[in-house]
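Participant: First the structure, which I've put down as structure tokens, then a few questions once you've had a look.
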Amino acid sequence: MTGTTKRTKSSRAGALRMAALLGCAALALSACGSTKDDTAGSGGAAGGDGKGKVGVILPLLTSPFWQSYNDYVPKMAKSEGVDALKTVNSNSDPSQQITDINNQLNQGVKGLVVAPLDSAAIAAGLDQAERKGVPVVAVDVAPEKGKVAMVVRANNVAYGEKACEYLGKQVKTGKVVQIMGDLASVNGRERSKAFRDCVKSTYPKLKVLEIPAKWESDTAASKLDTLLNANPDIKGIYMQAGGVYLAPTLQTLKSKGMLKTAGKAGHIAIVSNDGIPQEFDAIRKGQIDATVSQPADAYAKYGMYYIKAAMQGKTFKPGPTDHDSEIVKLPSGILEDQLPAPLVTKDNVDDPKLWGNTVK
């Protein structure tokens with residue numbers, strides 16, 4: 001339902017309205033609700049055909065997670081009928097990302113799928129897109145402000161809570177470390193706070209030591225090395241991004257003779273986030289214990305799904321979806337489709353449905 005239909009009979013209009021309302025109640029993802037005729041107000045051209053070039057902007061490509069997402073993009077674009085341009089890599093630079101958005105807009109794209117690096121800084125790019133009437137879908141990170149048609153993301157608060165709950169069951173007392181992401185990103189903030197709050201309320205015998213690592217592997221390795229020198233009695237580690245923290249963490253532990261496999265004396269319980277194949281291999285080897293699988297495949301799929309819908313002028317409402325997720329309204333008023341992100345342990349690491357088991 002993307003435009004205004006002229007009606008000649010009021011009775012027929014009433015019937016159509018009733019049918020539409022019933023449809024909305026039955027299907028939260030049926031793009032129900034009114035769509036404004038002005039492009040800026042609706043996040044897309046009302047009644048559009050969904051055609052036109054779509055720009056896809058990545059935050060970085062130094063992580064296996066984003067490499068996998070990058071590989072999924074052309075496949076999912078094709079399956080969703082989206083004409084996506086070759087992806088652009090912002091190389092972990094928020095200012096470069098704004099330049100990338102502007103360059104894509106100057107190329108005449110009709111839609112943008114962006115994975116923001118900085119939740120606040122991205123607003124400048126969103127404003128540029130809004131002025132040109134180009135809808136934007138944000139993937140992985142929610143902007144603090146600015147207009148987006150949808151945020152495609154998993155519940156990052158749940159990431160921190162799942163990590164806390166798993167470590168809390170493995171480590172009854174003592175010191176645990178959380179290697180945090182960039183606190184300029186809502187992801188880093190939410191995971192950090194959720195883990196910290198959960199430990200405080202549920203596992204008060206644990207002491208949390210924190211490493212702000214900004215999604216940087218070198219920073220994580222250096223600071224973890226220093227922390228372990230002062231605290232050789234660490235019993236658990238929560239890595240907020242296995243894609244960048246897994247290798248340096250394991251290498252640092254190995255260099256200090258502290259990398260003991262699960263079940264052996266001195267094993268440090270480790271929980272991660274991402275769900276990349278390398279984490280699954282580490283779980284199988286007993287080097288780490290668990291990870292939360294962040295759905296790279298679904299990020300690409302629904303990024304394409306929602307940008308096409310936005311280009312057609314469709315809108316959505318909060319509620320359950322037809323793909324085991326839920327659309328929620330954030331405090332900013334932006335809608336977010338919170339996709340499932342299961343905890344992976346040795347018990348389910350070989351599940352063929354996990355995206356990390358479908359890529360090399």
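The values are calculated or read from the model by the stated rules, or taken from the named source; none is laboratory data. Keep in mind that this is a model prediction, so the values were computed, not measured. Every residue, glycine as well, gets a Cβ built from its backbone with ideal geometry; the counts of neighbours run over all protein chains shown. Please note that ligands, DNA and RNA were not included when accessible areas were found on the heavy atoms of the full protein model with its side chains. Shrake-Rupley method; radii C 1.70, N 1.55, O 1.52, S 1.80 Å.
Participant: Calculate the length of the line joining the C-alpha centroid of segment 102-118 to that of segment 54-101, in whole Å.
Facilitator: If we compute the Cα centre of each part, the gap is 10 Å.
Participant: What whole-number value in Å² describes the accessible area per residue of the chain for a 1.4 Å probe?
Facilitator: 45
Participant: Taking the simple approach of a point 7 Å from Cα along Cα-to-Cβ for both THR99 and SER222, what is their distance in nm?
Facilitator: Roughly 2.4 nm, to one decimal.
Participant: Put a dot 7 Å past each Cα toward the Cβ at LYS145 and ASP49; how far apart are the dots in nm?
Facilitator: For ASP49 paired with LYS145, the spin-label model returns 3.8 nm.
Participant: Further, regarding this structure: Each residue of segment 105-114 in order: what ³J(HN,Hα) in whole Hz does its phi give by Karplus 6.51 cos²θ - 1.76 cosθ + 1.60, θ = phi - 60°, with x for Gly and Pro?
Facilitator: Taking θ as phi minus 60°, the curve returns 5, 5, 7, x, 5, 9, x, 9, 10, 10 Hz for segment 105-114.
Participant: Packing-wise, with mean Cβ within 10 Å as the measure, how do 140-146, 227-233 rank, highest first?
Facilitator: By packing density, highest mean first, the sequence is 140-146, 227-233.
Participant: If packing is taken as the average number of other Cβ atoms within 10 Å across a peptide's residues, how do 53-59, 208-214 rank, most packed first?
Facilitator: 53-59, 208-214
Participant: I would also like to ask the following. So for the pair LYS360, LYS207, with labels modelled 7 Å out along Cα→Cβ, what separation do we get in nm?
Facilitator: Here the answer is 4.8 nm between the modelled labels.
Participant: Would you grab the residues whose amide H sits under 5 Å from the one on VAL344? Only those 5+ places off in sequence or on another chain, please, with H modelled 1.01 Å from N.
Facilitator: The list, which skips near neighbours in sequence, is THR291, VAL292, SER293.
Participant: Mind listing the phi-derived Karplus ³J(HN,Hα) values for segment 270-285, rounded to whole Hz, using 6.51, -1.76 and 1.60 with θ = phi - 60°, and x for any glycine or proline?
Facilitator: Coupling constants for segment 270-285: 10, 10, 10, 10, 1, x, 7, x, 5, 5, 4, 4, 5, 5, 4, 7 Hz.
Participant: Something else about it: Once amide H atoms are placed 1.01 Å from N in the peptide plane, what residues at a sequence separation of 5 or more from ASN89, or on another chain, have their amide H within under 5 Å of its amide H?
Facilitator: Hits under the 5 Å cutoff: LEU58.
Participant: Among 266-277, 64-75, how do they line up from the highest to the lowest mean number of other beta-carbon atoms within 10 Å?
Facilitator: Ranked by mean Cβ neighbours within 10 Å, highest first: 266-277, 64-75.
Participant: Only helical DSSP H runs with n ≥ 4 go in: add -39500 (n - 2.57) per run for the chain, normalise by residue count and round the 222 nm mean residue ellipticity to 500 deg cm²/dmol.
Facilitator: On the way: 11 runs with 145 residues, N = 360.
That calculation yields -13000 deg cm²/dmol at 222 nm.
Participant: Could you let me know the centre-to-centre spacing of segment 129-185 and segment 281-353, using Cα atoms, in angstrom?
Facilitator: 12
Participant: I need the per residue convex hull volume for segment 317-360, using only the alpha carbons, in cubic angstrom as a whole number.
Facilitator: 112
Participant: Please list LYS264, LYS200 from largest to smallest accessible area, probe radius 1.4 Å, with all protein chains kept in place.
Facilitator: LYS200, LYS264
Participant: Right, something else. Report the FRET efficiency, 1/(1 + (r/R0)^6), for GLU326 and THR261, where r is their Cβ-Cβ distance and R0 is 45 Å, rounded to 0.05. Before the final figure, lay out each step's value.
Facilitator: Details: r = 38 Å, r/R0 = 0.84.
So, using R0 = 45 Å, E works out to roughly 0.75.
Participant: Does segment 48-150 come out rounded, prolate or oblate by the C-alpha gyration tensor, with a ≥ b ≥ c the root eigenvalues, rounded set by a/c under 1.5 and, if not, prolate when a/b is larger than b/c and oblate if not? Don't jump to the answer; show the numbers that get you there.
Facilitator: On the way: a/c = 1.59, a/b = 1.02, b/c = 1.56.
Judged from the Cα gyration tensor, segment 48-150 comes out oblate (a/c at least 1.5, b/c at or above a/b).
Participant: For a test of the definition: using alpha carbon positions, the gyration tensor, and the 1.5 limit on a/c, classify segment 133-237 as rounded, prolate or oblate.
Facilitator: oblate
Participant: Would you tally the net charge around LYS175, using a Cβ to Cβ cut-off of less than 9 Å, leaving LYS175 out, and scoring K and R as +1, D and E as -1?
Facilitator: Details: positive: LYS207, LYS235; negative: ASP233.
Local charge sum for LYS175: +1.
Participant: Quote to one decimal, in nm, the extra length available between ASP351 and ASP127 on full extension: 0.36 nm per residue of separation minus the C-alpha distance between them.
Facilitator: The span from ASP351 to ASP127 would gain 76.4 nm if fully extended.
Participant: Largest first and in whole Å, give the semi-axes of segment 89-140's equivalent ellipsoid, each being the square root of 5 times a Cα gyration tensor eigenvalue.
Facilitator: Over the Cα atoms of segment 89-140, the ellipsoid semi-axes are 16, 11, 10 Å.
Participant: Over the chain, with every protein chain in place, what whole percent of the accessible area is carbon and sulfur at 1.4 Å, could you tell me?
Facilitator: Accessible surface attributable to carbon and sulfur in the chain totals 51 percent.
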